[in-house]
Amino acid sequence: IFKQFNSIIENYSDKYQYSLLIVKINGLNNIDKDEILNLIHPYKNSSIFLIPIKKIAKNISKNNWVKSINIKSNYKDTIIINIEESKPLGIYSTGIQNILFSNELKILENIANNDKRFDELIKFEGKNSIYESTKLINSLPDNFTEFVEKAFLINQRRWNLKLKNSILLKLP
């Protein structure tokens, strides 16, 4: 019965041109557009009514950068994907890895030492500094973070801040 139903819908869609032809993606800054399009490609030219929107949304949500996603269809030939990306908060350095993380302390990606895309972010070092990073940033005056190059958590109780002009601030 399910196959018959799908066949009827496919025939109707072909006859009246209700097939997926256009995919619009909004909100991408750090996610590769081709990654999203590859998830949708198998459904191109299929009936717009049989596109598994929830399945596509679930697969897109697996990307660490995705904070929220909304997929809409015009029920003719277009799917519109609105993605809200997580905002990077800082870079946690373990000495071996540089881990880019978000406001929600979600790991977004590992980045190379010479990656210049996120130079404006604070580099956090020290045991558990990633967990204390939001407290530090929230306690700093507005726009002060743009002057901070590195933040070192000392003995899990206080911070040393190295500013971009090489001044070292030792916070209590």
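The values are calculated or read from the model by the stated rules, or taken from the named source; none is laboratory data. Just so we're clear, the structure is a prediction, and the values are computed from it rather than from any experiment. Don't worry about glycine lacking a Cβ; one is built from the backbone with ideal geometry, like all the others, and counts go over all protein chains shown. For accessibility, only protein heavy atoms count, side chains too; no ligands or nucleic acids. Shrake-Rupley method; radii C 1.70, N 1.55, O 1.52, S 1.80 Å.
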Subset tally (residues that are crowded, with 17+ Cβ neighbours inside 10 Å and free of Cβ contacts under 8 Å to residues at least 24 places away in the same chain) for segment 72-101: 2
Total residues in segment 75-96, condition under 19 Å from the mean Cα position of the chain (by Cα) and not in a loop (DSSP other than H, G, I, E, B): 11
Give me a count of the residues in segment 1-48 that are free of Cβ contacts under 8 Å to residues at least 24 places away in the same chain, of a type in the set (D, E, K, R) and under 23 Å from residue 61 (Cα atoms). 3
By residue number, the members of segment 1-40 that are under 30 Å from residue 87 (Cβ atoms) and either β-branched (Val, Ile, Thr) or out of contact with any strand residue (DSSP E or B) (no Cβ under 9 Å at 6 or more places or on another chain) (or both) are 22, 23, 25, 31, 32, 34, 35, 36, 38, 39, 40
If you check residue 104 against the conditions, is it of a type in the set (D, E, K, R) and closer than 24 Å to residue 66 by Cβ? yes
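Quick grid of which residues meet (1) open to solvent by less than 50 Å² (accessible area, probe 1.4 Å); (2) within 30 Å of residue 107 (Cα to Cα):
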residue: 2; (1), (2): no, no
residue: 5; (1), (2): no, no
residue: 15; (1), (2): no, no
residue: 29; (1), (2): no, yes
residue: 32; (1), (2): no, yes
residue: 38; (1), (2): no, yes
residue: 51; (1), (2): yes, no
residue: 55; (1), (2): no, yes
residue: 64; (1), (2): no, yes
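Identify, from the list 6, 30, 64, 45, the residue that is assigned to a loop (DSSP other than H, G, I, E, B) and farther than 30 Å from residue 150 by Cβ. Spell out the reasoning first.
Values: 6 fails: assigned to a loop (DSSP other than H, G, I, E, B); 30 fails: farther than 30 Å from residue 150 by Cβ; 64 fails: farther than 30 Å from residue 150 by Cβ.
Criteria check complete, one pass: 45.
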